[in-house]
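Peer 1: The following block contains the structure, expressed as structure tokens.
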Amino acid sequence: MDGIESKTLAQIVIAEPEAAAVFEKYALDFCCKGKQTLTDACAAAELDIKKVVRDLDAAAKKVDKNHPPEHFEKMELDALVNHLLQHHHTYMKRSMPIIHGHLQKIAGVHGERHPELIEIAGLFDQMQMDLEQHLLKEEEVLFPYVKKLVQAKHESDHHHFNKTHFIANPISVMMNEHERAGELMDMIHEKSGGFDLPEDACATYKAAYHELEVFEKDLHLHVHLENNILFPKAKALENVLFLVS
Ligand SMILES: [Fe+2]
Ligand SMILES: [Fe+2]
């Protein structure tokens, strides 16, 4: 990508979804802090930008032309909502109780030798409680409203949306909650030393750290799709319907 250094992390991942894995590798936050440019993000993290750009180029070259990654910014918003529900919401609801159980178990068995496990289990509990409420709000309020916006666009039925701009408020609440979940996930990452297993880790310990690593990646992608694609596009669509009504 030309001039990639001045693009934001969100713009890069939107255009080249495979960039997400590179940003994960360098712990560059492309979801909640996606508005920072690659230059600024690398400077803040004291990373050699040339090295990151080389990795981004290499990732782009590795993309299988026959099976390119999905470009979510091209999706209709109702299809994007369905994707979020089917993949990320379903995954979170299924995985959180499993990870919770594994963390409780290893905190009990290994907590004395590895006290960080007790803290990690507590942080995960907090994140799980917050996210369960968060998913419910999206599923019951925000997502149905986005689907209504899409329907109104197709049916040229704008009269439901001519009174007020509704969406800005729930979106800002959701973005604050994303930030909180991201902070808790960062703390878990830090306390675990980047999911670094000690010599005496048992099978459950290994499973829990692997599950947390997968969960972290999924959370980042989930928040990226909402913060950087769904929310701005839904706001813009509401605005268009508002203006023409
Ligand atoms: Fe979500
Ligand atoms: Fe969300």
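Peer 1: Taking the residues in region 98-120 that are in contact with a Leu (Cβ under 8 Å, 6 or more places away or on another chain) and assigned to a helix (DSSP H, G or I) as candidates, determine which candidate is surrounded by the fewest Cβ atoms within 10 Å (Cβ to Cβ).
Peer 2: Let us first name the residues in region 98-120 that are in contact with a Leu (Cβ under 8 Å, 6 or more places away or on another chain), namely 99, 103, 106-107, 110-111, 117, 120.
Subsequent filtering for residues that are assigned to a helix (DSSP H, G or I) retains 99, 103, 106-107, 110, 117, 120.
Numbers: Ile99: 21, Leu103: 26, Ile106: 23, Ala107: 21, His110: 19, Leu117: 24, Ile120: 24.
Across region 98-120, the extreme among qualifying residues is His110.
Peer 1: Going through Asp48, Asp40 one at a time, which residue ends up being surrounded by fewer than 17 Cβ atoms within 10 Å (Cβ to Cβ), under 25 Å from Leu230 (Cβ atoms) and modelled with pLDDT of 95 or more?
Peer 2: Asp40
Peer 1: OK, next. Glu179: assigned to a helix (DSSP H, G or I), within 16 Å of ligand 2 (Cβ to nearest atom), at pLDDT 95 or above and loosely packed, with under 13 Cβ neighbours inside 10 Å, yes or no?
Peer 2: Working: assigned to a helix (DSSP H, G or I): yes; within 16 Å of ligand 2 (Cβ to nearest atom): yes; at pLDDT 95 or above: yes; loosely packed, with under 13 Cβ neighbours inside 10 Å: no.
So Glu179 does not fit the description; no.
Peer 1: Let me ask you something else. Looking for whichever is in the same structural domain as Leu123 (by TED's automatic domain parsing) and of a type in the set (Asp, Glu) here; the options are Asp40, Asp29, Asp78. Which one fits? Can you show your working first?
Peer 2: Numbers: Asp40 fails: in the same structural domain as Leu123 (by TED's automatic domain parsing); Asp29 fails: in the same structural domain as Leu123 (by TED's automatic domain parsing).
Sole residue among the options that is in the same structural domain as Leu123 (by TED's automatic domain parsing) and of a type in the set (Asp, Glu): Asp78.
Peer 1: Take the residues of region 23-37 that are surrounded by fewer than 16 Cβ atoms within 10 Å (Cβ to Cβ) and not small (Gly, Ala, Ser): which is farthest from Gly194 (Cα to Cα)? Steps first, please.
Peer 2: Initial filter on region 23-37 (surrounded by fewer than 16 Cβ atoms within 10 Å (Cβ to Cβ)): 25-27, 35.
In the following step, the residues that additionally are not small (Gly, Ala, Ser) were identified as 25-26, 35.
Values: Lys25: 11, Tyr26: 11, Lys35: 24 Å.
This residue is Lys35.
Peer 1: In addition: Please count how many residues of region 133-148 are within 18 Å of the chain's Cα centre (by Cα) and surrounded by fewer than 14 Cβ atoms within 10 Å (Cβ to Cβ).
Peer 2: Taking region 133-148 and keeping what is within 18 Å of the chain's Cα centre (by Cα), we get 133-139, 142-143.
If we keep only those that are surrounded by fewer than 14 Cβ atoms within 10 Å (Cβ to Cβ) as well, we get 133, 136.
Going through region 133-148 one residue at a time, the tally reaches 2.
Peer 1: Then there's this: Which one is surrounded by the most Cβ atoms within 10 Å (Cβ to Cβ), of the residues in region 1-22 that are touching a residue at least 60 places away in the same chain (Cβ under 8 Å) and closer than 23 Å to Arg180 by Cβ?
Peer 2: So the residue we want is Val13.
Peer 1: Provide a single number: the residues in region 1-25 that are assigned to a loop (DSSP other than H, G, I, E, B) and modelled with pLDDT under 95.
Peer 2: Looking only at region 1-25, we keep the residues that are assigned to a loop (DSSP other than H, G, I, E, B), and these are 1-3, 7, 16-18.
Restricting the remaining residues to those that are modelled with pLDDT under 95 gives 1-3, 16-18.
Residues in region 1-25 being assigned to a loop (DSSP other than H, G, I, E, B) and modelled with pLDDT under 95: 6 in total.
Peer 1: Let me ask another. Looking at (1) assigned to a helix (DSSP H, G or I); (2) among the hydrophobic types (A, V, I, L, M, F, W, C); (3) modelled with pLDDT under 95, can you tell me which one Ala201 breaks?
Peer 2: Here Ala201 meets the rest and fails (1).
Peer 1: Yes or no: Asn162 farther than 28 Å from His210 by Cα, away from ligand 2 (no atom under 16 Å from the Cβ), assigned by TED's automatic domain parsing to the domain that holds Glu183 and modelled with pLDDT under 95?
Peer 2: Values: farther than 28 Å from His210 by Cα: yes; away from ligand 2 (no atom under 16 Å from the Cβ): yes; assigned by TED's automatic domain parsing to the domain that holds Glu183: yes; modelled with pLDDT under 95: yes.
For Asn162, the condition - farther than 28 Å from His210 by Cα, away from ligand 2 (no atom under 16 Å from the Cβ), assigned by TED's automatic domain parsing to the domain that holds Glu183 and modelled with pLDDT under 95 - is met.
Peer 1: Shifting gears a bit: Confirm whether Asp64 is part of a helix (DSSP H, G or I), away from ligand 2 (no atom under 16 Å from the Cβ), free of Cβ contacts under 8 Å to residues at least 60 places away in the same chain and not β-branched (Val, Ile, Thr).
Peer 2: Working: part of a helix (DSSP H, G or I): no; away from ligand 2 (no atom under 16 Å from the Cβ): yes; free of Cβ contacts under 8 Å to residues at least 60 places away in the same chain: yes; not β-branched (Val, Ile, Thr): yes.
When the stated conditions are applied, Asp64 does not pass them.
Peer 1: Same structure again: For region 149-166, does any single residue satisfy the condition of being farther than 21 Å from His114 by Cα and under 17 Å from the mean Cα position of the chain (by Cα)? Don't jump to the end; show me each part of the working.
Peer 2: Of all residues in region 149-166, those farther than 21 Å from His114 by Cα come to 149-166.
The next check asks that each one be under 17 Å from the mean Cα position of the chain (by Cα); those that pass are none.
For region 149-166, residues farther than 21 Å from His114 by Cα and under 17 Å from the mean Cα position of the chain (by Cα): absent.
Peer 1: Output the residues belonging to region 112-147 that are among the aliphatic types (A, V, I, L, M) and within 14 Å of ligand 2 (Cβ to nearest atom). Working first, answer last.
Peer 2: Within region 112-147, the first condition is being among the aliphatic types (A, V, I, L, M), and the residues that meet it are 117-118, 120-121, 123, 127, 129, 131, 135-136, 141-142, 146.
Answer for region 112-147, where residues must be among the aliphatic types (A, V, I, L, M) and within 14 Å of ligand 2 (Cβ to nearest atom): Met127, Leu131, Leu135, Leu136, Val141, Leu142, Val146.
The values are calculated or read from the model by the stated rules, or taken from the named source; none is laboratory data. Here the structure is a predicted model, which means the values were calculated and not measured. Ideal geometry is used to build each Cβ from the backbone, glycine not excepted, and the neighbour counts take in all protein chains shown.
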